[in-house]
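Notes follow once the structure below has been shown.
The values are calculated or read from the model by the stated rules, or taken from the named source; none is laboratory data. What you see is a predicted model, and the numbers here were worked out from it, not measured in a lab. Using ideal geometry, Cβ is built from the backbone for each residue, glycine included, and neighbour counts are taken over all protein chains shown.
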Amino acid sequence: MVTPAVTAPLLEYHRTGKLLRILAVTSPKRLIAAPDIPTAVEAGVPNMISSNRSACSRRAGTPRAIIEQICQASRSVLAEAELPADADRVRLRA
């Protein structure tokens, strides 16, 4: 069993029937982009819920000013109104 992140290219492979077939998603709800794919719980795998996380890491000794610059840039991107709209546009949110 493989549980990769479901991305637009994977959904396209699933839809065309080439290379792979997605049996279920591990999100708590069905994906907006693929309502035909059940959740793992719906498919009969109790408690099979997971989520993806992203993180930034740095090398030990990175100057505090650089860390703050990266943190501020990350906060700015996450605060953009377009971010949820982009997720809906590619329909990868559950």
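For beta carbons closer than 8 Å, sequence separation of 6+ or different chains, a first residue in the range 66-94 that is small (Gly, Ala, Ser) and a second that is at pLDDT 65 or above, the qualifying pairs are SER74/CYS56; ALA94/VAL25; ALA94/SER27; ALA94/PRO28; ALA94/LYS29; ALA94/ARG30; ALA94/LEU31; ALA94/ILE32. Look at (1) within 13 Å of the chain's Cα centre (by Cα); (2) surrounded by 11 or more Cβ atoms within 10 Å (Cβ to Cβ) and you find that SER51 fails only one, number (2).
Of the helices (runs of 4 or more DSSP H) entirely within the chain, those holding at least 2 residues that are modelled with pLDDT of 75 or more, out of contact with any Lys or Arg (no Cβ under 7 Å at 6 or more places or on another chain) and not charged (D, E, K, R) occupy 8-16, 64-79.
With respect to (1) within 18 Å of LEU10 (Cβ to Cβ); (2) among the small types (Gly, Ala, Ser); (3) free of Cβ contacts under 8 Å to residues at least 12 places away in the same chain, the lone exception for GLY44 is condition (1).
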